[in-house]
1. Going by the alpha-carbon gyration tensor, a ≥ b ≥ c the square roots of its eigenvalues, is the stretch 199-309 rounded (a/c under 1.5) or, if a/c is not under 1.5, prolate (a/b greater than b/c) versus oblate?
2. Determine the dipole magnitude for the stretch 101-174: charges of +1 sit on the beta-carbon of Lys and Arg, -1 on that of Asp and Glu, nothing else is charged, the reference point is the Cα centre, and the result goes in debye to the nearest 20.
3. Quote the convex hull volume per residue of the stretch 92-241, based on C-alpha atoms, as a whole number of Å³.
4. Taking θ = phi - 60°, what integer Hz values does the Karplus form 6.51 cos²θ - 1.76 cosθ + 1.60 yield along the stretch 227-237, in sequence order, with x for Gly and Pro?
5. Amide H to amide H, which residues 5 or more places from residue 275 or on other chains are under 5 Å from it, using H placed in the peptide plane?
6. What number results when the radius of gyration of the stretch 79-135, computed over Cα atoms, is divided by 2.2 N^0.38 Å?
7. Would you please give the residues with an amide H less than 5 Å from that of residue 217, counting only those at least 5 places away or on a separate chain, with H modeled from the backbone geometry?
8. Counting other Cβ atoms within 10 Å, which chymotrypsin sites (Phe, Trp or Tyr not before Pro) in the stretch 211-309 have at most 13 and lie in a DSSP loop?
Amino acid sequence: RYLPLTLVVIVLCISSFVQTQQAQAQTRTPIPSPLPSKTAVPTPAPIETAESVDEPDMLSNRDALPRPFTQTDLQVLTGNVQRPNGVIWYNDQLYSVCNGDWTIYELDSVTGSTRSYIYGVRNGHTLLVDELDDGNFDLWVPDYDTNTLLRVNPARAPQSVATGLQGPWGIVMQDEEHFLITNLTGNNLVRVSREGEVDEVMSDLRSPTGIALSDDVVFIANNGSARRSIEWVALDDLLENGNAEPSPLVTGLQNTTGLIAGPDGMIYFAYALGTRGVIGRVDPVVCMENGGCTNDQTEVVLYTELAAP
């Protein structure tokens, strides 16, 4: 299943805590069905200040939450989008791909007021904002339905930059001239230039979805393997050594999808806890130094009553 617009908006609601910008289809992504949940969701309690609670037993002491957020802590923003999939937050606006009518919509992130932004994007799981020198911006969207990388600007129709991808899902800007894109059905990671040159830089992944880049380390979510839930590889090794072997960052998570590097240094990710959608986080430095973290070492940021992503 896809990450619903409401869950992405929920991520935005907690963005004031993490101070970050990030978060069904006619053609469904092959994501395994989650297992029944045996984990009880905690009863909401008033948020306490960090000084008034004991520090949680975590791998990192940075900005520890006194308790996870739950559905009752959240506000739902409703916009006029029929089948929302990929969403990004920029300049207090939400940009969402609707895979029902192949349109990107722009929504006011406070009121939900919705307008058509541009037509011609069939289905995108992730969007990337590229700020331009003139104050405008482009959206780069891996179109899962057409296996293309699209450059989107309201001044013109969506431009096909790269074709022949294999279920493109996640995207991150590697440098000013290149992007890294995960191919879910191709089980690989490719490097794509702004001119459309495509090079495979990692293979033998397991239905890769989300991708993040932080401190010259690439983090990849494997939706198809709990054993390889989130992996990491040094960017230099990835580009110079050819098909470098990834190392574990987090193991034991179900159906990991969205992945983002927060400005607080933590890695945030959406995954399934039984049939519930969950947002968790880890300190990547601590996990890497200890040979990887397990699911029980993940700090849960948010439990929801929404379906698993």
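1. Note, shape of the stretch 199-309 comes out prolate.
2. Dipole size: approximately 240 debye.
3. Taking only Cα atoms, the stretch 92-241 has a hull volume of 132 Å³ per residue.
4. Taking θ as phi minus 60°, the curve returns 5, 10, 3, 9, 10, 9, 8, 5, 4, 4, 5 Hz for the stretch 227-237.
5. Close amide H contacts, sequence-distant or interchain: 37.
6. Normalised Cα radius of gyration, the stretch 79-135: 1.08.
7. Sorted by chain and number, the residues that satisfy this are 235.
8. Listed in order of number, the matching sites amount to none.
Each reported figure results from applying straightforward, stated rules to the coordinates on display, with no laboratory input. Predicted model, so just to flag it, every value in this text is computed and none were measured. Please note: Cβ atoms are built from the backbone with ideal geometry, for glycine as well, and neighbour counts cover all protein chains shown.
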